[in-house]
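A short worksheet on the structure shown next.
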Amino acid sequence: MTDKTMTPDDVAARLRSGMTLGIGGWGSRRKPMALVRALLRSGVTDLTVISYGGPDVGLLAAAGRIRKLVAPFATLDSIPLEPHFRAARQRAAFELTEVDEAMFMWGLRAAAHRLPFLPVRAGIGSDVMRVNPGLRTVTSPYEDEETLVAMPALRMDAALVHVNRADRQGNGRYLGPDPYFDDLFCEAADTAYVSCEKLVDGFPATALQTLLVKRHTVTGVVETPYGAHFTSCVPDHGRDEAFQKLYATTPWPEFAERFLSGPDEKSYLSAVHAWREEQR
């Protein structure tokens with residue numbers, strides 16, 4: 001079977017300005033940060049980003065790469081509101097479509113099943129409809145005649161996700177407590193790129209229930225130890241709370257110069273290591 005292994009910069013080279021890009025994970029948990037950092041090293045911009053937002057959104061917003069964001073939130077979990085997202089929104093740096101978490105999920109499901117929309121109850125009676133005047137409702141064709149929100153499909157040109165283990169063909173396994181919706185991101189996108197903590201030669205039969213991402217939905221695989229840093233990737237590593245606090249409190253130009261100006265992912269990890277040594 002096809003060997004789909006790539007580097008983070010190989011993935012970034014396949015992305016183009018103006019794309020709709022989905023990013024898996026949830027808040028500050030199991031985000032494909034190495035792939036996001038590779039994207040920042042590229043010239044790709046003017047993106048529509050679809051994400052259960054965390055520092056992926058914060059980094060791209062601070063760097064001015066987002067034209068439109070579709071998200072239910074942008075959080076660092078232990079820090080409730082992603083600070084660089086907030087700053088970008090306050091200066092109206094990009095357009096925002098903010099929907100309920102369940103609506104977002106059904107938008108992914110609609111895209112994965114190649115449907116134009118799926119009817120949902122979420123959103124009815126809330127300000128979601130007011131702040132998103134483009135949303136439409138549908139009436140059930142059955143006796144109940146219930147009014148439902150027609151959540152449009154969240155189709156993507158490309159998706160980026162991170163898992164604990166993957167093989168060279170693109171099968172991905174999670175080992176933590178929650179799969180999030182990474183499988184739906186891959187299924188909803190025209191192309192999908194999976195980074196992992198470790199490449200493996202295969203999976204035992206006992207792993208079938210934790211095989212989240214299937215190879216037929218995956219375009220490329222990247223082995224990136226600590227590739228989710230500074231977000232968590234349990235059980236391989238937890239969230240780097242000290243570094244996350246540094247990220248959240250350091251002016252963007254200073255943070256970007258110190259940690260993101262190098263030529264590759266290795267230079268980022270070296271900069272993080274040097275910072276840790278300073279804290280001792």
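Output yes when any residue across the stretch 87-95 is exposed (fewer than 13 other Cβ atoms within 10 Å of the Cβ), of a type in the set (Lys, Arg), more than 22 Å from the chain's Cα centre (by Cα) and not in a strand (DSSP E or B), and no when none is. Checked the stretch 87-95: at least one residue is exposed (fewer than 13 other Cβ atoms within 10 Å of the Cβ), of a type in the set (Lys, Arg), more than 22 Å from the chain's Cα centre (by Cα) and not in a strand (DSSP E or B). The condition of being surrounded by fewer than 22 Cβ atoms within 10 Å (Cβ to Cβ), modelled with pLDDT under 95, of a type in the set (Gly, Ala, Ser) and part of a loop (DSSP other than H, G, I, E, B) holds for only one of Gly125, Gly176, that being Gly125.
Taking the criterion of being of a type in the set (A, V, I, L, M, F, W, C) and closer than 22 Å to Gly25 by Cβ, the residues of the stretch 104-119 that qualify are Phe104, Met105, Trp106, Leu108, Ala110, Ala111, Ala112. If the condition is being part of a helix (DSSP H, G or I), farther than 25 Å from Val234 by Cβ and free of Cβ contacts under 8 Å to residues at least 60 places away in the same chain, then the stretch 1-59 contributes Ala12, Ala13. Criterion applied to Leu154, Leu108 was being buried (at least 19 other Cβ atoms within 10 Å of the Cβ), in contact with a Gly (Cβ under 6 Å, 6 or more places away or on another chain) and either outside any strand (DSSP E or B) or not assigned by TED's automatic domain parsing to the domain that holds Val36 (or both), and the one residue passing it is Leu154. When the residues of the stretch 182-238 are filtered to those that are among the charged types (D, E, K, R) and out of contact with any His (no Cβ under 9 Å at 6 or more places or on another chain), the one that is surrounded by the most Cβ atoms within 10 Å (Cβ to Cβ) is Asp183. Taking the stretch 182-243 as the region of interest, the strands (runs of 3 or more DSSP E) fully inside it that hold 2 or more residues being touching a Ser or Thr at 6+ places or on another chain (Cβ under 8 Å) are 189-199, 220-223. Only one of Gly227, Gly220 is touching a strand residue (DSSP E or B) at 6+ places or on another chain (Cβ under 6 Å) and within 18 Å of Trp26 (Cα to Cα). Can you tell me which? Criteria check complete, one pass: Gly227.
Here the condition is being modelled with pLDDT of 95 or more, within 21 Å of Tyr180 (Cβ to Cβ) and of a type outside the set (Phe, Trp, Tyr); of Leu21, Leu15, it holds for Leu21 alone. Against the condition modelled with pLDDT of 95 or more and farther than 29 Å from Val221 by Cα, how does Pro119 come out, does it pass? Considered against the rule, which asks whether it is modelled with pLDDT of 95 or more and farther than 29 Å from Val221 by Cα, Pro119 comes out as yes.
The values are calculated or read from the model by the stated rules, or taken from the named source; none is laboratory data. Quantities reported herein were computed from a predicted structural model and do not represent experimental measurements. All Cβ positions, glycine included, derive from the backbone under ideal geometry; neighbour counts span all protein chains shown.
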